[in-house]
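Accompanying notes for the structure given below.
Please treat every number below as a calculation from the coordinates, not as lab data. What you see is a predicted model; the values in this text were computed from it and never measured. For neighbour counting, all protein chains shown are included, and Cβ atoms are generated from backbone atoms with ideal geometry for every residue, glycine included.
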Amino acid sequence: AQSVTQLDSHVSVSEGTPVLLRCNYSSSYSPSLFWYVQHPNKGLQLLLKYTSAATLVKGINGFEAEFKKSETSFHLTKPSAHMSDAAEYFCVVSGFVWKTSYDKVIFGPGTSLSVIP
Amino acid sequence: EAQVTQNPRYLITVTGKKLTVTCSQNMNHEYMSWYRQDPGLGLRQIYYSMNVEVTDKGDVPEGYKVSRKEKRNFPLILESPSPNQTSLYFCASSLNDRGLGENIQYFGAGTRLSVL
């Protein structure tokens, strides 16, 4: 079975300071991992994805995430927060479904990021 | 432009009045799915479809129906809506083919449903 835990339901940072959004996953097989962002009243947009290539993944808008298998983590970081980063962030695991060529996709509960001027 | 289109964006209805939320994608994706988003619960999958005429239940299918008569369309049907179905709904599509290593999902803008 697969699951995703986002350790903080809400994170608040000052503009210009680093962002860390934490995600831990559980999967029986080597999963694909994603971060999606949802701005207010908008749909979800892919930030970045990990699919068993480089463990440090760079995404859009200066975000990156590091896959750590030993810690089953996929934390999202950004060196310097911008006001436009205020949004809801979802960690997603996608993994093997037995006897199919399709993957099961599971969303974490989300982390709301606030950026203080 | 590649996109997933949901309609309507906002809907207020009353208990028991059947409604349909439409979803259409123009990327020729085989895999489509419906999610509901509720505070603190993230997105939960309602139904998904692996291809035309192939659908299956997700994690929270009760009270919902879907159909996939054409590749591009995947409507969500609430035969008898109830207040606990008040939520934000998203349709998504993807290639979702492990052989291609491609399972990025593309989301519609969402449908906010209120059932009174």
Net charge over other residues, Cβ less than 14 angstrom from the Cβ of A:SER9 (K, R count +1; D, E count -1): -2
A:THR72/A:GLN45 FRET efficiency (R0 22 Å; Cβ-Cβ; nearest 0.05): 0.30
Reach of A:LYS68 by Cα under 22 Å, taken over lysines that are not fewer than 8 positions away in the same chain: A:LYS49, A:LYS58, A:LYS78, A:LYS104
Per-pair calculated FRET efficiency, R0 = 35 Å: B:GLU1 and A:ALA54 via Cβ, rounded to 0.05: 0.70
Residues A:THR5 and B:ILE12, FRET efficiency given R0 of 25 Å [Cβ-Cβ distance, rounded to 0.05]: 0.15
Proximal lysines to B:LYS18, defined as alpha-carbon separation beneath 29 angstrom and excluding residues fewer than eight positions away on the same chain: A:LYS42, B:LYS57, B:LYS65, B:LYS69, B:LYS71
Difference of contour (0.36 nm per residue) and Cα-Cα distance, B:LEU41 to B:ASN26: 2.5 nm
Distant-in-sequence amide H partners of B:GLY110 (H built 1.01 Å from N, under 5 Å): B:GLN6, B:CYS91
Within 10 Å of each Cβ in B:32-41, the average number of Cβ atoms from other chains: 2
Gyration tensor verdict on the protein assembly as shown (Cα atoms; rounded if a/c is under 1.5, prolate if a/b is larger than b/c, oblate otherwise): oblate
Exercise: per-residue mean of other protein chain Cβ atoms within 10 Å, B:106-113: 3
Karplus (6.51, -1.76, 1.60) ³J(HN,Hα), θ = phi - 60°, over the stretch A:9-16, in Hz, Gly and Pro reported as x: 7, 8, 10, 10, 9, 8, 4, x
Derived scalar couplings ³J(HN,Hα) [the stretch A:65-78; Karplus, 6.51 cos²θ - 1.76 cosθ + 1.60; whole Hz; x for Gly, Pro]: 9, 10, 7, 10, 5, 5, 9, 6, 10, 8, 6, 9, 9, 8
GNM top mover of B:SER87, B:SER49, B:SER24 - chain B, alpha-carbon springs below 10 Å: B:SER87
